[in-house]
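Nothing in this text is a laboratory measurement; each read-out follows from the coordinates by a stated rule. If you're wondering where the values come from, they're calculated on a predicted model, not measured in any experiment. Note that each Cβ is placed from the backbone with ideal geometry, even for glycine, and that neighbours are counted across all protein chains shown.
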Amino acid sequence: MENKQPIGIFDSGYGGLTVFRSIANLLPDYDYIYLGDNARAPYGNRSFNTIHQYTWECVQMLFKMGCPLVILACNTASAKALRTIQQQDLQKEDRGKRVLGVIRPTAEVIGNYTKTKEIGVLGTKGTVQSGSYLIEINNFSPDVKVHQQACPLWVPLIENGEYDKPGADYFVASYLDQILSQSANIDTILLACTHYPLLQEKITAYLPAHIQVVAQGDIVAKSLQDYLYRHPEMEKKLTKNAMQQFFTTSDDTPDFNHHASLFFSAQVESEFIPLR
Ligand code: DGL
């Protein structure tokens, strides 16, 4: 790892791999370290303080592994921890370290997807309760009406490998019925949780054909590309050997590798990194 300055990508578990896959496709030359806090996932129903504490611990682990830039590829962490990390925690770190989230880049462009100007945002309880999407989308697209629905059982289903099983159908239908009942004009559903692309096939199959489903991976990847273009001081620090390393806080690395390979659409070999 010596002299390597990779981009760190963090999620509570597997979900961030759907974002990492898009980032690695668009920006394949950089070095990357992925960290999933699977030992403590899901984060979605946890308190503000706990999500901040867990996220900051993991960000510091990525800093120690040499990452000058960390992407929180997790909406819950972006909603609950990013502001405190950017405004308080980073002040105590070396200058020049940066942490970015996934909500702002998504909110910036999601207004362009809807014709009816009504979108549905699906996320964890934490993301929905934070109101982050309501605020951010309103900043960029004040003419867009945002409906939200928390789907607290989806992440546990996905983390436990049930996303493609018939049992998941009931929970997919149940939350989609709830968001659709909020308005007949919704034409765009945003998967505002990086785990949800694993259910995308079931979600798309259940929704009427005129409703499009938007996942965040490609949006976040494009936004990172723009960020690096606008911040040459960061871009030139980052090393480019196309290294991809995967760490999990769970000691069951074979299980992580199995699920992670599906999320990442490529073989994943992970290493266990214990929490202190
Ligand atoms: N991937 C995380 C997100 O985007 C899942 C959160 C969780 O662990 O519940 O919100």
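A few notes on this one:
- Ascending count of other beta-carbon atoms within 10 Å, so fewest first, for Ser12, Ser270, Ser78: Ser270, Ser78, Ser12
- Pairs of lysine residues in region 13-136 - Cα separation under 29 Å, sequence separation of 8 or more or cross-chain: 9
- Among 142-152, 16-26, the peptide with the highest mean count of other Cβ atoms within 10 Å heads the list, and the full ranking is 16-26, 142-152.
- For region 190-276, the set of GluC sites (Glu not before Pro) satisfying both a DSSP loop assignment and a count of at most 13 other C-beta atoms within 10 Å is given as Glu269.
- Cα shape, region 1-113, gyration tensor, a/c 1.5 rule: rounded
- Applying the criteria of a DSSP loop state and at most 16 other Cβ atoms within 10 Å to the trypsin sites (Lys or Arg not before Pro) of region 42-114 yields Arg95.
- Normalised convex hull volume, region 230-276, alpha-carbon set, Å³ per residue: 125 Å³
- Region 6-23 - phi-based ³J(HN,Hα) in whole Hz, Karplus 6.51/-1.76/1.60, Gly and Pro as x: x, 8, x, 10, 10, 8, 4, x, 8, x, x, 5, 5, 7, 4, 4, 5, 5
- Our Cα-only numbers for the chain put the radius of gyration and Dmax at 17.8, 55 Å.
- Three-way shape call for region 94-185 based on the alpha-carbon gyration tensor, with the a/c threshold at 1.5: oblate
- A cut-off of 5 Å between modelled amide H atoms, ignoring neighbours fewer than 5 places along the same chain, links Val70 with Gly8, Arg98, Val99, Leu100.
- Ellipsoid semi-axes for region 180-276, based on the Cα gyration tensor and the rule √(5λ), read 32, 23, 11 Å when sorted largest first.
- Residue separation of Tyr227 and Ser265 scaled by 0.36 nm, minus their Cα-Cα distance, works out to 11.1 nm of gained length.
- Residue-averaged [θ]222 nm for the chain, counting only DSSP H segments that reach four residues, each worth -39500 (n - 2.57): -12500 deg cm²/dmol
- The alpha-carbon positions of region 119-257 define a convex hull whose volume is 158 Å³ per residue.
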